[in-house]
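The values are calculated or read from the model by the stated rules, or taken from the named source; none is laboratory data. Here the structure is a predicted model, which means the values were calculated and not measured. Because the Cβ atoms are built from the backbone with ideal geometry, glycine has one as well, and the counts that use them run over all protein chains shown. All accessible areas refer to the heavy atoms of the entire protein, side chains included, with ligands and DNA or RNA removed. Shrake-Rupley method; radii C 1.70, N 1.55, O 1.52, S 1.80 Å.
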Amino acid sequence: MAAAHDAYERDESEAQRLDRNYTELLQELRVAQAGVQILFAFLLALAFQARFGAITSFQRGTYVVTLMLCAGATALLIAPAAFHRMIYRRRLKQHLVRVANRLALSGLVLLLLSMTSAVLLIMDVVLGLAPAIVLAAGVLAWFTMWWFVLPLRARALQLAADDHQPDGDRSSTLD
C-alpha cells in the first residue's frame, strides 16, 4: 500500500521509485561508511601503540570484539554496492533495494555495538571498569534512541494516522 500511494503522490513509475529508493539508501550509507571506516582505522592502529601490551585481558577481549564488530559493520555497510555490481543489469532492482535495506540496517546495528564497545574499551583504560560500563550503557541507549526508537515511533504514528484518514486523502504520507 505504501508503494501505491507513494508512486501516486510523487507521480513516478515503479522503476523510478526503486531508483529513488536505492539512491536515497546509498546517500545514507555514505554517512555511515565514513564513521565506520574512521573507527575501523583507529582500531587497527590501536594495536600498534606502545601501551597496547600493558592492557588487561578484559581490555584485550573487548578490543577483539570491538574490532570484529567494526569489521562486520564495514562489510555490511559496503555490501549494497558490491551486491549492486554483481546483479547489475539483471532486472533485480526491487530485490536489490530490499536486500540493501536489510544490509544497511544490520550494518547500523553492528556499528552501534562496535561504537558502544569502543567506548567501553577506552573508558575502561581512562576511568576504570565501573564508570566504563555506565558510560557504554549510556552510549548504547543514546544511539538506540536516535537511530532506532525515534524512527520506529515515527513510523508507527504514521501508520496510525494512515488508518484514520479517509480513502483518497493521503496528503501526509509523502516520504
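Let me spell it out: the conditions are (1) crowded, with 16+ Cβ neighbours inside 10 Å; (2) hydroxyl-bearing (S, T, Y); (3) at pLDDT 95 or above, and T173 meets all of them except one. Which number is the exception? Among (1) crowded, with 16+ Cβ neighbours inside 10 Å; (2) hydroxyl-bearing (S, T, Y); (3) at pLDDT 95 or above, T173 violates only (3). Taken over the range 77-97, the residue count meeting the criterion of being open to solvent by 30 Å² or more (accessible area, probe 1.4 Å) and under 22 Å from V36 (Cα atoms) is 6. Of the residues making up the range 114-147, those that are surrounded by fewer than 19 Cβ atoms within 10 Å (Cβ to Cβ) and within 19 Å of Q33 (Cβ to Cβ) are F143, W146, W147. Can you tell me which residues in the range 35-63 are crowded, with 17+ Cβ neighbours inside 10 Å and either within 17 Å of M123 (Cβ to Cβ) or charged (D, E, K, R) (or both)? L39, L43, L46, I55, Q59, T62, Y63, listed by residue number. Among the residues of the range 15-27, some residue qualifies, meaning at least one is loosely packed, with under 13 Cβ neighbours inside 10 Å and either touching a Gly at 6+ places or on another chain (Cβ under 6 Å) or touching a residue at least 24 places away in the same chain (Cβ under 8 Å) (or both). Out of G128, G72, one residue alone is farther than 19 Å from A45 by Cα and modelled with pLDDT of 95 or more. It is G128. Touching a Ser or Thr at 6+ places or on another chain (Cβ under 8 Å) and in a helix (DSSP H, G or I): which single residue out of L140, L96, L105, L152 fits that description? Residue meeting the stated conditions: L140.
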